[in-house]
Amino acid sequence: MPYIGKDVATAYQSTTAVQRFNGDGSDTTFALGRTIATVQDILVSVDGVVQDSSAYTVPDGSTLTFSAAPSSGTNNIF
C-alpha cells in the first residue's frame with residue numbers, strides 16, 4: 001500500500017551507551033567510558049531519580065563528579 005512521506009529508515013544507529021556505578025555514600029567521582037562535550041550530553045539517575053545537571057559536573061569530559069556523594073547501593077547510579 002503506498003503512503004505519503006519519507007521512506008522508512010532501513011538502518012539505525014547503535015543504542016546509546018549505558019553505564020552503571022555503585023554508590024558508597026562517600027565517593028563523588030566516577031570514570032565515564034567515553035568523553036563527552038557537556039553535561040547536556042548525558043542523563044544521570046541516582047536511585048531511580050533523574051538528577052538535575054546542577055548536582056554534577058563533568059570537568060574533564062570523562063569524569064562524572066557529584067557535588068554531594070550519592071547514596072550507597074549496587075548499580076544505583078545510572
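FYI, it's all coordinate maths here, none of it is from the lab. All values derive from a computational prediction rather than experimental measurement. All Cβ positions, even for glycine, are placed from backbone atoms using ideal geometry, and neighbour counts span all protein chains on display.
The table for this structure:
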quantity: Neighbourhood charge, 13 Å Cβ-Cβ cut-off, centred on residue 74 and excluding it, Lys, Arg +1 and Asp, Glu -1; calculated: -1
quantity: Rounded, prolate or oblate (a/c below 1.5 giving rounded, otherwise prolate when a/b exceeds b/c) for the chain by Cα gyration tensor; calculated: prolate
quantity: Computed FRET value (nearest 0.05) for residue 18 with residue 67, which takes r as the C-beta separation and R₀ as 30 Å; calculated: 0.85
quantity: Label point 7 Å beyond Cα of residue 29 along Cβ direction - residues of region 47-78 with amide nitrogen under 16 Å; calculated: 56-70
quantity: Difference of contour (0.36 nm per residue) and Cα-Cα distance, residue 60 to residue 36; calculated: 7.8 nm
